[in-house]
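A short write-up of the structure that comes next.
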Amino acid sequence: MAKTKNPFSKLSFEEAAERLEQLVQSMEDGNIPLETLVAKCEEGNFLRQVCEEKLKQAELKIMAIKTNGSIETTDLETEGMD
């Protein structure tokens, strides 16, 4: 199965987390048709992936700072970006 490109990959962590919170709230608030619910679940999964990737990148940068006192951002930006 081909991997679908994440349409939200350009969002910042904060933007993705806020959008994810709003999405969850809308799903919890009321009666949503099944088709809409499935689409929201898919969107939520993409947003979760963005948040996880941004957190992983931040963790790598912090580890590099602790180890070296500085970071090579070009190395970190290309890691894990599929």
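Quick note: the coordinates plus some simple rules give every number you see, no bench work behind them. Computed from a predicted structure; not experimentally measured. Here the Cβ is made from the backbone with ideal geometry for all residues, glycine too, and neighbour counts use every protein chain on show.
The slack in the chain from Glu18 to Lys5, taken as 0.36 nm per residue of separation less the alpha-carbon distance, amounts to 2.6 nm. If R0 is 30 Å, the Cβ-Cβ spacing of Asn68 and Arg48 corresponds to a FRET efficiency of close to 0.50. Check the straight Cα-Cα distances from Lys54 and name the lysines below 17 Å, setting aside those fewer than 8 residues away within the same chain. Within the straight-line limit of under 17 Å, Lys54 reaches these lysines: Lys5, Lys10.
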